[in-house]
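Participant: Have a look at this one before I ask anything.
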Amino acid sequence: MNFELPFVPERTAKPREKAMTMVIDKGLTTLEAIGIACDCAEYVDFIKVGFGTSLITPKLREKIDIFKEAGITPYFGGTLFELFAARNMFNEYQQFLAKYNIELAEVSDGTMDMEHSKKLEYIKELKKNFTVISEVGSKDASVHYSPEEWIAQMQAELAAGSVKVITEARESGTIGIFNKDGSPNMELINFISSNIAIDKVMWEAPLKSQQAMFINLFGCDVNLGNIATNEIIALESLRMGLRGDTFYKILPRD
């Protein structure tokens, strides 16, 4: 900190298993990637190269190297996995990850229809050569899972080898664990937190109100994902009680 203000929680040091921040890269230039690496690396654990952008990013290898050298783990979004899986190109998907020295693989089924047993097979196979995270929830607003279905899928994916399970919200924050107006589905969120260890969950929370809600609910060490690249310091301020939304979270009662 630039000034040692009292009653500010100490940031968990990297590498960490909780208080993790996953940032979504929707098309950063290499210069923008350098800026994040220089100024924000200590606050960022993962950078997700979103959806299928890794297939058309001109200087993909250079950008990956920038993140890695800064101690940030880059990975390709789950939609990329689905693009390969839908074409029966699972082996080619693994080759693509290896080509770019990607060590973390995301398995999702938010866009395509996939038997859950098949998804578990993908997780088990990928964990032989990669660290695996998986995502539960659909990007289709017409698809609804009961809280019990969410828990069953999350537990099964963790048992299959996922180190973290991501709760779907998209970059808009209007689906999955959130309602279409961006408000939280508290029944679902509370049910998940009562049945899955909090440090195993990565809550997608692209909106400031959603981030503040999770921090106030679970504390500054909650794992949050789909954070915009220009909101990294702002989120860190929320974690540390340096914004009005979490101002009283970290202060003593008196």
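Participant: So how much slack lies between D113 and R11, counting 0.36 nm per residue of separation and subtracting their Cα-Cα distance, in nm?
Facilitator: Details: separation 102, 0.36 × 102 = 36.72 nm, distance 3.98 nm.
In short, 32.7 nm is gained.
Participant: Can you flag which of K59/K128; K18/K124; K48/K68; K59/K99; K139/K200; K68/K128 are past 19 Å Cα-Cα? Intermediate values should be presented prior to the final figure.
Facilitator: On the way: K59/K128 28 Å; K18/K124 23 Å; K48/K68 12 Å; K59/K99 14 Å; K139/K200 21 Å; K68/K128 21 Å.
Long pairs (Cα-Cα over 19 Å): K59/K128; K18/K124; K139/K200; K68/K128.
Participant: Apply the Kirkwood formula to the chain: the hydrodynamic radius equals the inverse of the mean of 1/r over all pairs of different alpha-carbon atoms; give it in Å with one decimal. The partial results should precede the final answer.
Facilitator: Details: mean 1/r = 0.0537 Å⁻¹.
For the chain, the Kirkwood estimate is 18.6 Å.
Participant: Counting only protein heavy atoms and using a 1.4 Å probe, what share of the accessible area of the chain belongs to carbon plus sulfur, as a whole percent?
Facilitator: Numbers: 6290 of 12270 Å².
That share works out to 51 percent.
Participant: Stokes-Einstein diffusion coefficient for the stretch 93-132 at 37 °C in a medium of 0.692 mPa s, Rh from the Kirkwood formula over Cα pairs: what value in µm²/s?
Facilitator: The estimated diffusion coefficient comes to 306 µm²/s.
Participant: In debye, nearest 20, what is the charge dipole magnitude of the stretch 143-254 about its Cα centre with +1 on Lys and Arg Cβ and -1 on Asp and Glu Cβ, if you could check?
Facilitator: Values: 9 positive and 14 negative charges, 54 e Å.
Here the size comes out at about 260 debye.
Participant: Once you've got the GNM for the chain with C-alpha springs shorter than 10 Å, pick whichever of E157, E69, E42 has the biggest mean-square fluctuation.
Facilitator: Maximum among the listed residues: E69.
Participant: I want to make sure I understand the PRE zone here: with the label point 7 angstrom from the Cα of K99 toward its beta carbon, which residues in the stretch 62-93 have backbone N atoms less than 12 Å away?
Facilitator: Hits in the stretch 62-93 for K99 at 12 Å: 92-93.
Participant: Another question about this same structure. Which residue, chosen from A234, V165, A98, occupies the Cα position most advanced towards the positive end of the dipole of the chain, where the dipole is computed from +1 (Lys, Arg) and -1 (Asp, Glu) charges on Cβ about the Cα centre?
Facilitator: A98
Participant: Distance from a point 7 Å along Cα→Cβ of K59 to each backbone N in the stretch 27-46: keep the residues under 19 Å and list them by number.
Facilitator: It comes to 27-41, nothing else.
Participant: Mean-square fluctuation check for the chain, GNM, Cα pairs under 10 Å: which of G50, G244, G176 is largest?
Facilitator: G244
Participant: Measuring with a 1.4 Å probe in the full set of protein chains, what accessible area per residue, in whole Å², belongs to the chain? Write down the numbers at each step before the final one.
Facilitator: Values: 12270 Å² over 254 residues.
Solvent-accessible surface per residue comes out at 48 Å².
Participant: Could you give the dipole magnitude of the chain about its Cα centre, charging the beta-carbon of Lys and Arg +1 and that of Asp and Glu -1, in debye to the nearest 20?
Facilitator: 300
Participant: What is the ratio of the Cα radius of gyration of the stretch 1-128 to 2.2 N^0.38 Å, with N the residue count, to two decimals? Don't jump to the answer; show the numbers that get you there.
Facilitator: Details: Rg = 16.7 Å, N = 128, 2.2 N^0.38 = 13.9 Å.
Normalised Rg, Cα atoms only: 1.20.
Participant: Just to verify a number: FRET efficiency for A141 and F90, C-beta to C-beta distance, R0 = 35 Å, to 0.05? Please report the intermediate quantities before stating the final value.
Facilitator: Values: r = 28 Å, r/R0 = 0.80.
For A141 and F90, the calculated efficiency is 0.80.
Participant: What value, in deg cm²/dmol to 500, does the helix sum -39500 (n - 2.57) over DSSP H runs of n ≥ 4 give at 222 nm once divided by the residues of the chain? Could the numbers behind the result be given before it?
Facilitator: Values: 9 runs with 92 residues, N = 254.
Taken over the chain, the calculation gives -10500 deg cm²/dmol.
Participant: Once you've got the GNM for the chain with C-alpha springs shorter than 10 Å, pick whichever of M89, M213, M22 has the biggest mean-square fluctuation.
Facilitator: Highest fluctuation among the options: M89.
Participant: Just to verify a number: what accessible area does T229 come out at with the full protein assembly present, 1.4 Å probe, Å² rounded to tens?
Facilitator: My reading of the accessible area for T229 is about 40 Å².
The values are calculated or read from the model by the stated rules, or taken from the named source; none is laboratory data. Model, not experiment: these values are computed from the prediction. For neighbour counting, all protein chains shown are included, and Cβ atoms are generated from backbone atoms with ideal geometry for every residue, glycine included. Surface accessibility is based on the protein's heavy atoms, side chains included, excluding ligands, DNA and RNA. Shrake-Rupley method; radii C 1.70, N 1.55, O 1.52, S 1.80 Å.
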